[in-house]
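A quick write-up on the structure given underneath.
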Amino acid sequence: MTIRTIACSAALAAAGIFVAVTSHDAPAQEKSFSDDRLDQIVAPIALDPDPVVAQVLMAATYPLEVVDAARFMQAHPGLTGPKLEEALRGQDWDASVKSLCGFPDLLQRMNDNLSWLRDLGDASLSQRAEVMDAVQRMRRRAIDAGNLKTSPQMTVTETVDRVVTIEPPVTEVVYVPTWYSCYVYGPWSPWWWWYPALFVPPPPGGPIFFFGVGVPWRVGMRGSCAWGWHQGRIEVDVVAHDRFVQRTFVDSRPVMLHTTAARVAWEHDPLHRRGADYRSATVARRFQAPTPRTAPAGSDGLRGRTLPPSPRPPERDVPRGRRPWRDPSDPRDRKGRDGHGT
């Protein structure tokens, strides 16, 4: 066992990640989140700028790497800009996880609320369009409540059919707002709060939506959201993605997007799942993972997991025949074929 694996194992135990499932458990049932549950799942991120929302929805599908990254940032406080880029070169996380290292408070919130993180990732994989619709519902609520509007820190735009976009200013500095979800969306009284730690009230007399200091991390904004009712999707900006991986990967070639398109739809990479179970059997089949098993009550099937290095499996094991790496010794790679994005 490597020093890194031992350290990560200890970090995961300290983070309270959930008990690994066992082979004798019964097969899991398909899990579909209701609109009310989805509203609560996205409420803590819905008012972030679109590029940040995109990174969170991608990274949430790699929960073990999120935990590892949060522990890394705890051990290296104050890393920003070029120093952070250089530090990230030594990590083999997905690019979406690396991009969130520029926002350590947001990354820590994901690490501190693991049940929510796991549900967010599951919903992002199995109910993508419904998740995007939920973000739009919550943004409309915040606008109607008078709490979401354009400011020097972000531009809020609403179309005639009430599609709301939030964009950061065109500078190197990105602002991630802070808000209290149980107040900022106006009158909202679900019959049950699924994630109570994320819906605490503000201090008496305190603001319910505000900005802190901006972060010089425009380079990490490599994705965005393509909005459309019942057909929203996460997109990756090809130029921004390739620039980011060139700065934060020792060998960026395997994760470069070899395409002339300006934007491409994001695709989940099961290699960065690091063995964490897919709780949806449909999603598991899509990525050729073992059928998920039902975990004990109160469990997410993650506690006690270690974080192995990203493997290079045989081509027959790669979903849909895609190869998520490039090998200069392979003539197909020398011809620039089979590029695969994060």
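Things to note:
- Net charge, ARG162 excluded, C-beta distance under 12 Å - Lys, Arg +1, Asp, Glu -1: 0
- Remark on TRP217: its backbone amide H falls under 5 Å from those of VAL174, a criterion applied only to residues 5 or more positions apart or on other chains, H modelled at 1.01 Å from N.
- Efficiency of FRET from Cβ geometry, LYS149 and PHE287, R₀ 45 Å, rounded to 0.05: 0.65
- Cα-centre dipole for the stretch 36-136 with unit charges at Cβ (Lys and Arg positive, Asp and Glu negative), debye to 20: 280 debye
- Taking the average, over residues, of other Cβ atoms within 10 Å as the packing measure, peptides 150-156, 139-145 rank 139-145, 150-156 from highest down.
- For the stretch 105-214, the list of GluC sites (Glu not before Pro) that fall in a loop by DSSP and count at most 15 other C-beta atoms within 10 angstrom reads GLU172.
- The residues neighbouring ARG141, those whose beta-carbon lies less than 12 Å from its own, together hold a net charge of +2 under the Lys/Arg +1, Asp/Glu -1 convention.
- Pairwise label distance in nanometres, VAL173 with GLU158, each label 7 Å out on the Cα-Cβ vector: 2.8 nm
- When TRP217, TRP192 are arranged by Cβ crowding within 10 Å, least crowded first, meaning fewest neighbours, the order is TRP192, TRP217.
- Two-site label geometry, ALA129 and GLN246: point separation in nm, points 7 Å out along Cα→Cβ: 3.7 nm
- Projected label points at ASP36 and ASP105, each 7 Å from Cα along the beta carbon direction, are separated by 3.2 nanometres.
- Net charge contributed by nearby residues that have their C-beta within less than 12 Å of ASP242 (K/R +1, D/E -1): +3
- Each part reduced to its alpha carbon centroid, the stretch 193-220 and the stretch 77-141 end up 15 Å apart.
Coordinate-derived values only; no laboratory data. All values reported here derive from a predicted model rather than from experimental measurement. Every residue, glycine as well, gets a Cβ built from its backbone with ideal geometry; the counts of neighbours run over all protein chains shown.
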